[in-house]
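Only one structure is covered here, and it is reproduced in the block below.
The values are calculated or read from the model by the stated rules, or taken from the named source; none is laboratory data. Please read all numbers here as calculations on a predicted model, not as lab measurements. All Cβ positions, even for glycine, are placed from backbone atoms using ideal geometry, and neighbour counts span all protein chains on display. Surface areas here come from the heavy atoms of the whole protein model, side chains and all, with no ligands, DNA or RNA. Shrake-Rupley method; radii C 1.70, N 1.55, O 1.52, S 1.80 Å.
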Amino acid sequence: MRKPFLGISMMAEPDFLAAILPLLQDGSIDVLEWSFDTFYHEEEPDWLANLLNFYSQKDRLLGHGVYYSLFDARWTDRQEKWLEKLKQEVQQRRYAHITEHFGFMNTENFHQGVPLPVSLHPKTLDIGKDRLLRLQEVVDIPVGIENLAFSFSIDDVKEQGVFLEKLTADINGFLILDLHNIYCQACNFGVDMEELIRLYPLEKVREVHLSGGSWQTNSYRKRQIRRDTHDDSIPEEILTVLPSVLSQCKNLEYVIIERLGHTIQTEKEKKDFFDDFVRVKTIVGALAWKDYDKTCWTKKNIRLTGKPLEDEALYQEQTKLTKLLFDNVESGAFKEQDFQFFKTENWDPEMIRTAQAIIKKWNPY
């Protein structure tokens, strides 16, 4: 297994550039990941465009989508437009692969939202497969999916690895294993991180994400909830398991550190980010890597039949769920809902309240 390339998720803020400049200057950043769809309605500053183009020319640029919304049960113009813009993006720059998030965002202000989780159900899986096939159809590079940090129940947490494996099978796809997302689930549901990691098809992991986050707490809550907010240092618990995880991911190619650009402003924050990078670089460098003949990815022959798959009943449930969360309905009431595609009877009240806070913050209506 060859030593993976180490890089960062690129941000557009000048403070972020100032923080990573020493790492760029000494050649420590092997690869950049860029959330291309966050700039679909903005113009890239020259310095950012030049930097992305530089890494693209070296075949060291990764594309990370945010807003495709893989499990929306109704196909909309925005998804059609998203795919069209992706076509243009990969013609403009050479990406090594493209990835998206697990979940759905079916609100009008989707560009301000966060993906909500889905339970493993045959119809939900079929919707996700259809959307993923349509994504793969427009690009001739590998496509992968990132595991989600937020879940409503331990059942959904434990089945996410199986869900992702089934989801990516038809396109010869891969996984991003986000270890802070796993850490969030471990903290929020009282499960050991390594136990959860073993539930994922690690042979399909091509990329690992590392980041920090925050604790959400309110006076009426019984416990703190870990959130994947990308605004702090990487927890020690993640760095402790990192060597073992890397050694188990036999097809790993990239390790990416994430931090939001506006959260690196003070000298301490800059130092913490720099120290995280150096620590991860040391861990990666200390492992026994061997060169190997890289298996060439081959795009499967995709045969899309007819219009995009839709399911009105699933769409109505997704819309109803989002509205119930926004309206701050009492958590116990979710168990009384007659949902077919969401296993609300098993949902954790604290996670329901957390989702309500997230939805309210982003104000999707």
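Let me confirm something: among E258, E267, E253, which residue is open to solvent by 70 Å² or more (accessible area, probe 1.4 Å) and of a type in the set (D, E)? Steps first, please.
Working: E258 fails: open to solvent by 70 Å² or more (accessible area, probe 1.4 Å); E253 fails: open to solvent by 70 Å² or more (accessible area, probe 1.4 Å).
Answer to the selection: E267.
Can you tell me how many residues in the stretch 25-37 are touching a residue at least 24 places away in the same chain (Cβ under 8 Å) and either open to solvent by 40 Å² or more (accessible area, probe 1.4 Å) or more than 17 Å from the chain's Cα centre (by Cα) (or both)? Step through it out loud before you land on a result.
Within the stretch 25-37, the subset touching a residue at least 24 places away in the same chain (Cβ under 8 Å) is 28, 30-37.
Applying the additional criterion that residues be either open to solvent by 40 Å² or more (accessible area, probe 1.4 Å) or more than 17 Å from the chain's Cα centre (by Cα) (or both) yields 28, 30-31.
Going through the stretch 25-37 one residue at a time, the tally reaches 3.
Quick check on the stretch 331-342. Is at least one of its residues under 20 Å from P115 (Cα atoms), open to solvent by 50 Å² or more (accessible area, probe 1.4 Å), of a type in the set (D, E, K, R) and over 24 Å from the mean Cα position of the chain (by Cα)? Don't jump to the end; show me each part of the working.
The first filter runs over the stretch 331-342 and keeps only residues under 20 Å from P115 (Cα atoms), leaving 331, 334, 339-342.
Filter once more, so that each one left must be open to solvent by 50 Å² or more (accessible area, probe 1.4 Å): 340.
Going one step further and asking which of them are of a type in the set (D, E, K, R), we end up with none.
No: the stretch 331-342 contains no residue that is under 20 Å from P115 (Cα atoms), open to solvent by 50 Å² or more (accessible area, probe 1.4 Å), of a type in the set (D, E, K, R) and over 24 Å from the mean Cα position of the chain (by Cα).
Output the residues belonging to the stretch 39-66 that are in contact with a strand residue (DSSP E or B) (Cβ under 9 Å, 6 or more places away or on another chain) and of a type in the set (S, T, Y).
Y55, S56
Of everything in the stretch 50-86 that's in contact with an Asp or Glu (Cβ under 9 Å, 6 or more places away or on another chain) and of a type in the set (G, A, S), which residue is nearest to T319 (Cα to Cα)?
A73
Could you list, in sequence order, all residues of the stretch 20-50 that are of a type in the set (A, V, I, L, M, F, W, C) and modelled with pLDDT of 95 or more? First the steps, then the outcome.
Taking the stretch 20-50 first, the residues of a type in the set (A, V, I, L, M, F, W, C) are 20-21, 23-24, 29, 31-32, 34, 36, 39, 47-49.
Within the stretch 20-50, I20, L21, L23, L24, I29, V31, L32, W34, F36, W47, L48, A49 meet the criteria.
Could you please find all residues in the stretch 302-311 being open to solvent by 90 Å² or more (accessible area, probe 1.4 Å) and in contact (Cβ under 8 Å) with a residue 40 or more places away in the chain?
In the first step, residues of the stretch 302-311 are kept if they are open to solvent by 90 Å² or more (accessible area, probe 1.4 Å); the result is 303, 305, 307, 310.
Scanning the stretch 302-311 gives K307, E310.
Go through (1) open to solvent by less than 50 Å² (accessible area, probe 1.4 Å); (2) in contact (Cβ under 8 Å) with a residue 40 or more places away in the chain; (3) within 23 Å of F189 (Cβ to Cβ) and name the single condition T319 misses.
That leaves (3) as the condition not met.
May I ask you to verify whether K299 is farther than 19 Å from F16 by Cβ, of a type in the set (D, E, K, R), surrounded by 14 or more Cβ atoms within 10 Å (Cβ to Cβ) and in contact (Cβ under 8 Å) with a residue 40 or more places away in the chain? Write out each step before concluding.
On the way: farther than 19 Å from F16 by Cβ: yes; of a type in the set (D, E, K, R): yes; surrounded by 14 or more Cβ atoms within 10 Å (Cβ to Cβ): yes; in contact (Cβ under 8 Å) with a residue 40 or more places away in the chain: yes.
Against the criterion (farther than 19 Å from F16 by Cβ, of a type in the set (D, E, K, R), surrounded by 14 or more Cβ atoms within 10 Å (Cβ to Cβ) and in contact (Cβ under 8 Å) with a residue 40 or more places away in the chain), K299 qualifies.
So which of A18, A12 ends up being in a helix (DSSP H, G or I), open to solvent by 20 Å² or more (accessible area, probe 1.4 Å) and small (G, A, S)? Let's see the steps before the verdict.
Details: A12 fails: in a helix (DSSP H, G or I).
Criteria check complete, one pass: A18.
For the subset of the stretch 237-294 comprising residues that are in contact (Cβ under 8 Å) with a residue 40 or more places away in the chain and of a type in the set (K, R), which member is nearest to L179 (Cα to Cα)?
Ranking the qualifying residues of the stretch 237-294, first place goes to R259.
Any residue in the stretch 237-250 that is open to solvent by 70 Å² or more (accessible area, probe 1.4 Å) and more than 29 Å from P142 (Cα to Cα)?
Looking only at the stretch 237-250, we keep the residues that are open to solvent by 70 Å² or more (accessible area, probe 1.4 Å), and these are 237, 240, 248, 250.
Next, only the ones that are more than 29 Å from P142 (Cα to Cα) stay: 237, 240.
Looking for residues that are open to solvent by 70 Å² or more (accessible area, probe 1.4 Å) and more than 29 Å from P142 (Cα to Cα), one finds at least one in the stretch 237-250, hence yes.
Considering only residues that are touching a Lys or Arg at 6+ places or on another chain (Cβ under 7 Å) and more than 16 Å from M105 (Cβ to Cβ), which ones fall in the stretch 311-327? Full working, then the answer.
Filtering the stretch 311-327 for residues touching a Lys or Arg at 6+ places or on another chain (Cβ under 7 Å) gives 311, 314-315, 326.
Correct list: D311 only.
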